[in-house]
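In what follows, a single structure is set out as structure tokens and then discussed.
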Amino acid sequence: MKKKLKLKKIKFIPVNTPVIFKEDKKNVNICLKTNWLSSEGNFVKEFEKKFSKYNNRKYGIAVSSGTAALEISLKSLNIKKGSEVIIPAFSIISTALCVVKLGLKPILVDSDLKNWNMIPNDIIKKINKRTKAIIITHIYGFPVDMNNVLKIAKQKKIKIVEDAAEMIGQKYKNKNCGSFGDVSTFSFYANKHITTGEGGMILTNDRKINLKCKSLRNLCFGIGKKRFNHDDIGWNYRMSNIQAAIGCGQLKNISWILKRKRGIGKRYHSQLKNNPKIIIQNLKTTYAKNIFWVFGVLLKEKLKISRDEVVSKLNRYGIQTRNFFYPMNKQNALKKFKVFNKKEVYPNAEYLSAKGFYLPSGLGTKNYEIDYICKILNRIVS
Ligand SMILES: Cc1ncc(COP(=O)(O)O)c(C=O)c1O
């Protein structure tokens, strides 16, 4: 019989705890004092300018979420209905929604179990005459090893939407993630490296894409006297001045944020790396250092204990977790589109989805909480 763990029980450790900086509060107070609350305020422009500069891109378009950023970005590329867009089988549903909502066909690519990202060679194999765009989505810790994909896409005039929602501040071979796509997207949801509560950003170097994205996020208002005669079907996906005020404060602290996130990752890594029953990500690959958006854990395939049992035991110790994404080919919401080839299988995406979960890894997660979580996890899965 296993001995009972002698640990002082911690009541509750949330899967994410954000950190609010003094600069965020100061900026929000400026909004409140000056009455500039809506997207017309100066913080929106400042955040767009500073965030695009940080990522070495010409234009930034602040929006209401990472999902909105994907929808606007893909629509800005003006792709003919029925064309194919390559996406990962393992990602948030937003990656597929932007495709099917535009009447385009998502083509799925399985994940590499070494880094949980799209397999670059499989992306290349799925390219054909109907392929008009690829959504390169970087998942959890590492960027997609995308050099060859970018080269081939350029040769074949296929557009790249780079989804860097989870990769703020991450580099791929010394260049920032989010600076590779024809158009790139970010999320500032509360669990991202930089948060505005809810929010997103689009970056591009292309003047036309910039103008189209700006118009699409703002209902495609007409110009001048024709303001209320709208040019196209757009959305109200604007970011408020208050959100951007927080974003500006957060961006000032990006060096500390990246250091702390990597510190959290390393602390988990050092205490879990010797557990033979689980798989965790490496600290680095040949092309990137893990940014640890979240600290993911994958149970080995043939374990007796299921992911649900592990998670529910952790929950009983007050440790909140989140399961990994659900594979696109199995999503209820996408079934009615009948876009996926039933004969195609995505075993790695399905394995990640069935056996993976992530541990509390927000910026506010404390070292003693990490140590407690590791002790308990090593005990439960031993
Ligand atoms: C890879 C990826 N893309 C897009 C999104 C969507 O961002 P949001 O939640 O801001 O809509 C997320 C959210 O976590 C994500 O992980």
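Nothing in this text is a laboratory measurement; each read-out follows from the coordinates by a stated rule. Predicted, not measured: the structure shown is a model, and the values here were computed from it. Virtual Cβ from ideal backbone geometry, glycine too; neighbours counted across all protein chains shown.
In percent, rounded to a whole number, the relative contact order of the range 258-360 is 32, using alpha-carbon pairs under 8 Å and six or more apart. Quick one: Cα convex hull volume of the range 104-175, Å³ per residue? Value for the range 104-175: 92 Å³ per residue.
Let me know the Kirkwood hydrodynamic radius for the range 152-265, please, with Cα pairs as the basis and the value in Å to one decimal. By the Kirkwood definition, the hydrodynamic radius is 15.9 Å. Counting only Cβ charges, +1 for Lys and Arg and -1 for Asp and Glu, the dipole size of the range 184-235 around its Cα centre is about 260 debye. Within the range 1-86, the trypsin sites (Lys or Arg not before Pro) that combine a DSSP coil assignment with at most 13 other C-beta atoms in a 10 angstrom radius are 2, 3, 4, 6, 8, 9, 11, 58, 80, 81. Taking θ as phi - 60° and the Karplus parameters 6.51, -1.76 and 1.60, the scalar couplings of the range 206-214 work out to 9, 4, 5, 4, 4, 5, 5, 5, 4 Hz in sequence order, x denoting glycine and proline. More than 31 angstrom separation, counting every C-alpha pair in the chain; what % is that? For the chain, the fraction of Cα-Cα distances above 31 Å is 38 percent. For the range 230-369, dividing the convex hull volume of the Cα atoms by the residue count gives 227 Å³ per residue. Shape of the range 1-135 from the C-alpha gyration tensor: oblate (a/c of 1.5 or more and a/b not above b/c, with a ≥ b ≥ c the square roots of its eigenvalues).
Within the listed set 208, 129, 175, the Gaussian network model of the chain (springs between alpha-carbon atoms below 10 Å) gives the highest mean-square fluctuation for 129.
Computed from backbone phi with θ = phi - 60° and the Karplus coefficients 6.51, -1.76 and 1.60, the 3J(HN,Hα) list for the range 125-142 is 5, 8, 6, 8, 5, 7, 6, 10, 8, 10, 9, 8, 10, 8, 10, 6, x, 10 Hz; x is used for glycine and proline.
Along the chain, counting only GluC sites (Glu not before Pro) with a DSSP assignment other than H, G, I, E or B and at most 14 other Cβ atoms inside a 10 Å radius, the longest segment between sites is 41-300. When the listed pairs 114/252; 81/129; 49/154 are checked against a 25 Å cut-off, the alpha-carbon distance exceeds it for 114/252; 49/154. The relative contact order of the range 63-155, computed from alpha carbon pairs under 8 Å that lie at least 6 residues apart in sequence, is 28 percent. Cross-link reach is defined here as a Cα-Cα straight distance under 17 Å, omitting same-chain residues fewer than 8 places apart; for residue 125 the aspartates and glutamates meeting it are 84, 110, 112, 145, 344.
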